Amino acid sequence: MTSLLYLDSSANRSGDSVSRELTALFAETWRAVRGPAGDRCRYRDLAADPVPPLDTAYCTLGRRLERNGLPPLADIDAWIRSPAEEREWALTRSLVTELLAADTVVIGAPMYNFSVSALLKAWIDRVGFPGVFTDPDTGESLLRTTKVVVITTRGGSYGPGTPREAWDFQTPYLRAYFGKQGVAEENIHFVGAELTMAAVVPHLAHQQSLAAKSLASAREEVTALAAAGRPAIRTTV
Ligand SMILES: Cc1cc2nc3c(=O)[nH]c(=O)nc-3n(C[C@H](O)[C@H](O)[C@H](O)COP(=O)(O)O)c2cc1C
């Protein structure tokens, strides 16, 4: 049985979000190629159901665990000292458990002010709780073999050689974050659709054909990534 965690973080739920279109394509393809083996798909819409921002109790509990050598996930309950910490940990644990249960994670990540949306950042801060991805037996990351597919969208263009190449704090940030959590480099995939505002903003209108090409190639890459690693089809002889 394989398991997919599917996250959307565009604030735009009107039906014209490009990242939402592409994450949905990923999830549909992923399920279709796996048949009954792919029935474990958990969807989380971070705009419809936002992750609450961290509070003092999250920090206090995290610091206590840091001081005490980062106990494993299963032992964290024993370190809780207040109802506020209990609430913070319950919120955090459910998201961490969901991530740990997934073989594949697909994340729709629009660029907002050169980085990710606050909705995604709230999820990132919460699941990045101290020590929860460390295997207590081996010290290795429990996310090493998790496949992470990040689908980025941007209104403008930030590719190599473009004037705003150095302003992209979205993909390098997400690569660093998942790398630090222990996801193997070869398991982190980025697919991007650029110039999504070309059809909206008059001064980008001349870029519409580039935008269409970027979206078409993103759709192809998303489909290929979702189909990759599907269970082999059994043939009888
Ligand atoms: C709050 C906000 C900030 C944005 N900041 C940027 C930006 O810094 N650079 C950029 O190229 N596009 C920016 N955009 C445009 C979005 O990246 C673009 O519309 C993208 O397609 C949004 O993803 P979605 O289509 O999945 O909703 C911004 C949009 C919003 C709503």
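Scan the stretch 28-43 and give yes if some residue there is surrounded by 16 or more Cβ atoms within 10 Å (Cβ to Cβ) and under 17 Å from the mean Cα position of the chain (by Cα), otherwise no.
Initially, the stretch 28-43 is screened for residues surrounded by 16 or more Cβ atoms within 10 Å (Cβ to Cβ), giving 29-31, 33-34, 38, 41.
Remaining after also requiring under 17 Å from the mean Cα position of the chain (by Cα): 30, 41.
Within the stretch 28-43 (the criterion being surrounded by 16 or more Cβ atoms within 10 Å (Cβ to Cβ) and under 17 Å from the mean Cα position of the chain (by Cα)), the answer is yes, since at least one residue qualifies.
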| query | Which is modelled with pLDDT of 95 or more, closer than 19 Å to Ala57 by Cβ and of a type in the set (Lys, Arg), of Arg144, Arg126? | reply | Arg126
| Hits in the stretch 105-118 (condition: surrounded by fewer than 24 Cβ atoms within 10 Å (Cβ to Cβ) and closer than 19 Å to Tyr43 by Cβ) | Val105, Ser117
| query | Taking the stretch 119-160 only, how many residues are assigned to a helix (DSSP H, G or I), open to solvent by 10 Å² or more (accessible area, probe 1.4 Å) and within 19 Å of Tyr43 (Cβ to Cβ)? | reply | 2
| said: Filter the stretch 118-143 down to the residues that are within 16 Å of the ligand (Cβ to nearest atom), farther than 24 Å from Glu28 by Cα and in contact (Cβ under 8 Å) with a residue 24 or more places away in the chain and list them by number. | reply: Ala122
| message | Against the definition (open to solvent by less than 70 Å² (accessible area, probe 1.4 Å) and either within 24 Å of His189 (Cβ to Cβ) or within 16 Å of the ligand (Cβ to nearest atom) (or both)), how does Thr2 come out, yes or no? | response | yes
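Check whether at least one residue in the stretch 180-192 is exposed (fewer than 15 other Cβ atoms within 10 Å of the Cβ) and under 28 Å from Arg13 (Cβ atoms), and report yes or no. Break it down stepwise before answering.
As a first pass, look at the stretch 180-192 and keep what is exposed (fewer than 15 other Cβ atoms within 10 Å of the Cβ): 180, 185-186.
Still in the running and under 28 Å from Arg13 (Cβ atoms): none.
Looking for residues that are exposed (fewer than 15 other Cβ atoms within 10 Å of the Cβ) and under 28 Å from Arg13 (Cβ atoms), one finds none in the stretch 180-192, hence no.
The values are calculated or read from the model by the stated rules, or taken from the named source; none is laboratory data. On a predicted model such as this, the values are computed, not experimentally measured, just so you know. Positions of Cβ are generated from backbone atoms using ideal geometry, with glycine treated the same way; all protein chains shown enter the neighbour counts. Side chains included, ligands, DNA and RNA excluded: accessible areas come from the protein's heavy atoms. Shrake-Rupley method; radii C 1.70, N 1.55, O 1.52, S 1.80 Å.
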